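A.B. asks: Provided herewith is a single structure, encoded as structure tokens, for subsequent inquiry.
The values are calculated or read from the model by the stated rules, or taken from the named source; none is laboratory data. These numbers were taken from a predicted model, which means no experiment stands behind them. Here the Cβ positions follow ideal geometry from the backbone for every residue, glycine too, while neighbour counts run over all protein chains shown.
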Ligand SMILES: [Zn+2]
């Protein structure tokens, strides 16, 4: 797997936009043509086209750089090969998994590393379009030597630039083992074989998703009041797209940062083998409208993807597997019950611990056939940057990494140190909240007396 850096050039001139559109349509024409050739060969039971045949077929027929044409042909052959493999290994997929057959109006443009030219002093990325045609020039400040480039449309143009400068760790960070329990409220709970644990909160992502749903609802309400096709309807549609994309980018960023914290923690604790529990079994269970929606919104496959990718680069051997039963077993006495709330309390032996950490600790038995001691302390982290507290004007750049506090007071172990805020930026919101919670029983009492 390769690492790409995504750039969204914002200042593309009108004329260039037209060029890009034309080039993507030309690529779409190319894709449709070669898909047609391949499809015809399949239908005629003729030998399937090889790389050379496609190359000969496409040579000089498209207004694109020759290597762009080649890369698109390779893309088709790679898709065909992946489809064959899956159909062979998983016969049940034959019912729905088809070989490429769709014609496309647009297609992404590719350039291999050798066709890409980057001028670091002028900050210009030059992508050739073939002899006799003007090259595409983007103004970009890159801090690395670009590899291959892909130009895609994602509600706006995006350049996906392969980074080949990032070195892969040669050796594993150590011989310890760890398990990861993925969750929706807590993005990941990690338990190491040395009896330490990390919990990365997923609440930031959850709240972003909730906010998006509310704002889209608001836009939908406004849209329902205007005439179809009117200028206002179009504007609202634009707003809807913009908002969705913003949210998607924010969530992707947080997901990367959260999984990065998991891998950094593993490196710090000399973990060489990582086991990620695959919770997708729970997707099939029916558990009510609200819960079903929450589960559907939870993008656990991405978490697993990102973890695998980041672990690979850190030299950690990462595997995934079933996590059935890990969250309903007591790590001390093995008593089974379904936990309620965020704390796991054993009715048989009185054990008490963080619910997701329990899942991760129990997973050691599934993954490595070894029992580990329940961690005495848990490190809490948030997936995301430190943001200035409400009412504080400028964010303080020297703030420590964002932490979550366990807060309930129920758990054993020590709480993480509070972030060191400078005296001037002590949030007033925090104090007032404390006042509110302290005052509430009194108020309730007063109300009951009045009643
Ligand atoms: Zn127990």
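A.B. asks: Just the residues that are within 27 Å of residue 369 (Cα to Cα) and part of a strand (DSSP E or B), please, taken from region 163-189.
C.D. replies: Once the filter is applied, which keeps residues that are within 27 Å of residue 369 (Cα to Cα) and part of a strand (DSSP E or B), region 163-189 yields 176, 177, 178, 179, 180, 181, 182, 186, 187, 188, 189.
A.B. asks: While we're looking at this one, here's another question. Quick check on my filter: what residues within region 119-155 are in contact (Cβ under 8 Å) with a residue 40 or more places away in the chain and exposed (fewer than 13 other Cβ atoms within 10 Å of the Cβ)?
C.D. replies: Once the filter is applied, which keeps residues that are in contact (Cβ under 8 Å) with a residue 40 or more places away in the chain and exposed (fewer than 13 other Cβ atoms within 10 Å of the Cβ), region 119-155 yields 134, 139, 155.
A.B. asks: Only one residue in 359, 321 is away from the ligand (no atom under 16 Å from the Cβ) and in contact with a strand residue (DSSP E or B) (Cβ under 9 Å, 6 or more places away or on another chain). Which one?
C.D. replies: Numbers: 359 fails: away from the ligand (no atom under 16 Å from the Cβ).
So the residue among 359, 321 that is away from the ligand (no atom under 16 Å from the Cβ) and in contact with a strand residue (DSSP E or B) (Cβ under 9 Å, 6 or more places away or on another chain) is 321.
A.B. asks: Then there is this: Among the residues of region 326-350, count how many are touching a residue at least 24 places away in the same chain (Cβ under 8 Å) and more than 12 Å from the ligand (Cβ to nearest atom).
C.D. replies: Number satisfying all stated conditions: 4.
A.B. asks: Of everything in region 301-338, what is assigned to a loop (DSSP other than H, G, I, E, B) and either under 19 Å from residue 278 (Cα atoms) or under 16 Å from the mean Cα position of the chain (by Cα) (or both)? Give them in sequence order. It would help to see each step written out before you state the result.
C.D. replies: First pass over region 301-338, keeping only residues assigned to a loop (DSSP other than H, G, I, E, B): 315-316, 323-325, 330-335, 337-338.
Within region 301-338, 316, 323, 324, 325, 338 meet the criteria.
A.B. asks: Can you tell me which residue is modelled with the highest pLDDT among those in region 288-300 that are in a helix (DSSP H, G or I) and surrounded by 12 or more Cβ atoms within 10 Å (Cβ to Cβ)? First the steps, then the outcome.
C.D. replies: We begin by selecting, within region 288-300, every residue in a helix (DSSP H, G or I); these are 289-297, 300.
Adding the requirement that they be surrounded by 12 or more Cβ atoms within 10 Å (Cβ to Cβ) leaves 291-292, 294-295, 297, 300.
Numbers: 291: 72, 292: 71, 294: 71, 295: 73, 297: 76, 300: 87.
Among them, the one singled out is 300.
A.B. asks: Identify all residues within region 210-238 that are in a loop (DSSP other than H, G, I, E, B) and in contact with a helix residue (DSSP H, G or I) (Cβ under 8 Å, 6 or more places away or on another chain); write none if there are none. Spell out the reasoning first.
C.D. replies: Here is the first cut: in region 210-238, the residues in a loop (DSSP other than H, G, I, E, B) are 225-230.
The answer is 226, 227.
A.B. asks: Follow-up. Restricting attention to region 351-369, report how many residues are surrounded by fewer than 22 Cβ atoms within 10 Å (Cβ to Cβ), in contact (Cβ under 8 Å) with a residue 24 or more places away in the chain and farther than 20 Å from residue 278 by Cβ.
C.D. replies: Residues meeting the conditions: 1.
A.B. asks: I'd like to verify a number: residues in region 330-339 that are surrounded by fewer than 20 Cβ atoms within 10 Å (Cβ to Cβ) and closer than 23 Å to residue 262 by Cβ, how many?
C.D. replies: If we filter region 330-339 for residues that are surrounded by fewer than 20 Cβ atoms within 10 Å (Cβ to Cβ), which is where we start, we get 332-339.
Applying the additional criterion that residues be closer than 23 Å to residue 262 by Cβ yields 339.
The qualifying residues number 1.
A.B. asks: Another question, if that's okay. What are the residues in region 117-138 that are in contact with a strand residue (DSSP E or B) (Cβ under 6 Å, 6 or more places away or on another chain) and in a strand (DSSP E or B), if any?
C.D. replies: Correct list: 117, 118, 124, 125, 126, 127, 136, 137, 138.
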